[in-house]
1. Quick one: which residue in B:123, B:68 is among the hydrophobic types (A, V, I, L, M, F, W, C), over 30 Å from residue A:233 (Cβ atoms) and in contact (Cβ under 8 Å) with a residue 60 or more places away in the chain?
2. Quick check, is residue B:304 of a type outside the set (Phe, Trp, Tyr), in contact with a strand residue (DSSP E or B) (Cβ under 8 Å, 6 or more places away or on another chain) and outside the structural domain of residue B:213 (by TED's automatic domain parsing)?
3. Scan the stretch A:211-220 and give yes if some residue there is surrounded by fewer than 24 Cβ atoms within 10 Å (Cβ to Cβ), in contact (Cβ under 8 Å) with a residue 12 or more places away in the chain and charged (D, E, K, R), otherwise no.
4. Go through the stretch A:129-159 residue by residue and tally those that are touching a residue at least 24 places away in the same chain (Cβ under 8 Å) and within 12 Å of chain B (Cβ to nearest Cβ).
5. Which one of the conditions (1) aliphatic (A, V, I, L, M); (2) in contact with a Lys or Arg (Cβ under 8 Å, 6 or more places away or on another chain); (3) within 13 Å of another protein chain (Cβ to nearest Cβ) does residue A:66 fail to meet, given that it meets all the rest?
6. Given (1) within 12 Å of chain A (Cβ to nearest Cβ); (2) in contact with a Pro (Cβ under 7 Å, 6 or more places away or on another chain), identify the lone condition not met by residue B:134.
7. Residue B:177 is checked against (1) outside any strand (DSSP E or B); (2) under 23 Å from residue B:254 (Cβ atoms); (3) free of Cβ contacts under 8 Å to residues at least 40 places away in the same chain; (4) not acidic (Asp, Glu) and fails just one. What number does that condition carry?
8. If we scan the stretch B:327-348, do we find a residue that is in contact (Cβ under 8 Å) with a residue 60 or more places away in the chain and charged (D, E, K, R)?
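The values are calculated or read from the model by the stated rules, or taken from the named source; none is laboratory data. All of these numbers come straight from a predicted model, not from anything done at the bench. Here the Cβ positions follow ideal geometry from the backbone for every residue, glycine too, while neighbour counts run over all protein chains shown.
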Amino acid sequence: MAALSWIKRLDLQRSVIYFGFLAIFLFFAATLHDDGFLTTRNLTNIVLQTAPATIMAIGLVFALSAGEIDLSFGSIVAVSALAAAVAMQNGPMVFGVIAGLGAGVLIGAFNGVLVAYLRLPSFLVTLATLGLFAGIARSMTDLRSIPVINDTFTGFFGSGKLLGVPSLVIWTVAAVAAGHVLYRHSRFGAHVLAVGDNARAAQVSGIKVPRIRLMVLTLCGATAGLAGLLYAGRLQAAKYTLGESDLMTVIAAVIVGGTALNGGKGSIIGALLGSLMMGMLNNGLILMGLKVSDQMIVRGVIILVAVAVSLRDTRR
Amino acid sequence: MSLVKHTLAILALLGLVASAGAETIGPGGEEATPSSTVVVGDEKVAMVQAKRYSAALLWHDQSDFVNAVTAGASDEFERLGIEVVAVTSAGFDAAKQRSDIETALAKNPDIILSLPLDPVTSAAAFEEAKEAGVALTFLSNLPAGYEHPKDYAAIVTDDLFQMGKQAADALAEAMGGEGTVGWIFHDAAYYVTNQRDNAFKTTIENDHPNISIVAEQGIADPARAEEIANAMLLKHPDLGGIYVTWAGPAEGVLAALRANGNDSTKIVTLDLSEPIALDMVRGGNVAAIVADEAYELGRAMAASAVLDLVGEEVPPFVVAPAITVKAANVVEGWKRSLNIDPPASLTSN
């Protein structure tokens, strides 16, 4: 009986990501233990491969929690990575970091100004800027890939290690910790949730709603900019296609992680687990030796089930 | 710096190939070796089978072409007792290609067959596999700075020059050896299409003196093919033929000819496509399609990797032949190129 009442008290929507993550992990651990799934190298690879998506997911949790959305982050990733790579062709690492992060912040702020002060819907603004900056990324280097040959940069943002821990793992942990503290334990986080829950009530209670909207979209741009730097470091090159295929993965990770599409509710830790779950699915389905089309079908069905369970409870 | 130098060297060579090319040349200027000479002989089968090698096929995308390459490689691997432990598609995403390589390495494959997405981003992506001593065989592209035979077993690709040449010869035959031609080429620095397009032009200019190229137009976006063809036909309404760089834009050119009520201008293009082939078997504008032998590409990739593993010398640059597909040989051509039967629409017409 005690167990039953515990289950009844359980918040299904908040817990689905933990159960889903654990179930998928145990399934692959059981079926693929002879295929290298549980090796430290493979599990580390999953964290490395998902680092950029996890960091983008943190920005998106803030945007969705404030009742906004950013669809343009894939293009921001490409522009930031290319800006960093081009800046480092003739300058030190710091130029690349400033150019990459700066591009992300500026594009995010551009989205934010249109949404917050011109009162345009973020869905349409960022859909338009998705195309706009994808075009700019293509024209920046005439579709050419730009190599990144600054070893300090590639170590810091890509393949390096600190005390034996890969730099991408450190970036992931640092970003998730900072994001979680900002989201759960700061006035800004509380204001974001208040705006997403009921913007009018937030306004009446003295919260500067447009400023919060500007800030969440700028934060989204900044996280996409950082993701661009991580891609450039990891691939030791930048290309206009970087980030193009991340949109659905990141949105799915965030929703599966317990963030509401219509604002007022979210979780940074959930987004991290959602992102790791996506990476684990990609990894496990390849190791199972499935055909590519079968991998896509299975992944689609699992994401659909996870999103359905997450959202069903949100609507209650 | 070495990465930049190598990239520039490859780009410079591609430029040379594009301007000079009388035959297909590798991305590092290597001479082409016919794929038919790259064979794991029956006498080696038992020895290779005993080694119980494994292979991963890490593709750039999914398509009929990739399916046929996979089939060719898988059949060869099966003959040699080699297990295929992973098959992936990067969807043209360089970051996904890197992740796919890392994931596949967890299964410790002895062989990786792959199409590197581009020389620059692929250099770091394949580094771990290279360091692990995996036999790497690349399709059509080479990561910057990789050296043969130290870093990879072979590059295998289409006989690109022959594809362009055969397209020129087929168009000339359809036009009765005389007339004017429009040349729609791929307007991008891409090794595969650049060689094919230039081979067509060179062949028309050198081998068909009574045919002249009167209109040249580059295309970067296949969706613009119809308007490009319309503009070309407006200036040159009596064009005898049009070469289109590949089948996707050729569909737009065909639409333009139909809209103009033009049934005299002939089209040749490269790579199989059902709508283009359907027009051809119905006696429309399309005179011929030149295709590659994708299944043979896969077989040759697998054979190159195995020969490298058993310590035999493998040529650095291997090419598979091209096939001219016309209405009369569409069934056989489809089968030889993609290793599947042609769509029912082509055989019921």
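1. Numbers: B:123 fails: over 30 Å from residue A:233 (Cβ atoms).
B:68 is the lone residue from the list that is among the hydrophobic types (A, V, I, L, M, F, W, C), over 30 Å from residue A:233 (Cβ atoms) and in contact (Cβ under 8 Å) with a residue 60 or more places away in the chain.
2. Working: of a type outside the set (Phe, Trp, Tyr): yes; in contact with a strand residue (DSSP E or B) (Cβ under 8 Å, 6 or more places away or on another chain): yes; outside the structural domain of residue B:213 (by TED's automatic domain parsing): yes.
Yes.
3. yes
4. Number satisfying all stated conditions: 12.
5. Result: residue A:66 fails condition (3) only.
6. Exception for residue B:134: condition (1).
7. Unmet for residue B:177, out of (1) outside any strand (DSSP E or B); (2) under 23 Å from residue B:254 (Cβ atoms); (3) free of Cβ contacts under 8 Å to residues at least 40 places away in the same chain; (4) not acidic (Asp, Glu): (2).
8. No, because not a single residue in the stretch B:327-348 is in contact (Cβ under 8 Å) with a residue 60 or more places away in the chain and charged (D, E, K, R).
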